[in-house]
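Working notes, beginning with the structure itself.
The values are calculated or read from the model by the stated rules, or taken from the named source; none is laboratory data. Just so we're clear, the structure is a prediction, and the values are computed from it rather than from any experiment. No Cβ is skipped: glycine too gets one built from the backbone with ideal geometry, and neighbour counts run over all protein chains shown. For accessibility, only protein heavy atoms count, side chains too; no ligands or nucleic acids. Shrake-Rupley method; radii C 1.70, N 1.55, O 1.52, S 1.80 Å.
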Amino acid sequence: MRIMSVDYGDSRTGIAVCDSGEILASPLTVITEYNFERCAEKVAELAKKEKAELIVVGHPKNMDGSEGKRAEKCAEFARLAGELSGLPTKLWDERRTTVTAHNYLNETNVRGKKRKAVVDAVAATIILESYLAYKKSKAEP
């Protein structure tokens with residue numbers, strides 16, 4: 001199944017996709033859009049273009065597992081993107097993915113404007129990798 005993941009942000013939204021065998025997650029792009037509805041429309045269009053069958057949206061829970069305003073906004077984004085694309089959406093715990101993305105970029109010495117341009121897509125890739133690992137572990141006895 002081709003899956004697209006989204007790391008929603010108020011100004012930049014990272015997108016990643018996996019292959020149909022659900023083995024490799026790759027960063028796709030970063031959507032720069034400040035308008036909530038237009039961003040959801042762009043995600044829906046991209047999901048159709050990429051032939052995604054599922055959209056996984058990062059769900060930024062608090063470290064204690066509770067949900068704050070940001071988690072609620074991401075849940076609403078997932079609902080709207082699903083409605084606009086006609087695809088199922090799934091919220092996926094994304095705690096610390098942006099921190100992990102920054103650590104990866106530190107290790108590869110990506111700095112400055114280049115980092116800002118890719119960090120959200122890297123975070124979306126981490127979200128997707130986490131979802132795929134979970135899905136794989138549930139399928140194996």
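Structure notes:
- Over all projection directions, the Cα-based convex hull of the stretch 22-69 averages an area of 5.0 nm².
- On a per residue basis, the stretch 1-94 carries 50 Å² of accessible surface, using protein heavy atoms and a 1.4 Å probe.
- Length gained when the stretch Ala133-Ser11 is fully extended (0.36 nm per residue, less Cα-Cα span): 41.1 nm
- Calculated FRET efficiency, Glu76 to Lys48, Cβ-Cβ distance, R0 = 22 Å: about 0.60 to the nearest 0.05.
- Which of Val118, Val56 is most accessible, then next, and so on - probe 1.4 Å: Val118, Val56
- Atom-type composition of the exposed protein surface of the stretch 1-48 places 50 percent of the accessible area on carbon and sulfur (1.4 angstrom probe).
- Subset of Lys42/Lys69; Lys51/Lys135; Lys90/Lys136; Lys90/Lys138; Lys69/Lys136; Lys61/Lys90 violating a 25 Å alpha-carbon distance limit: Lys69/Lys136
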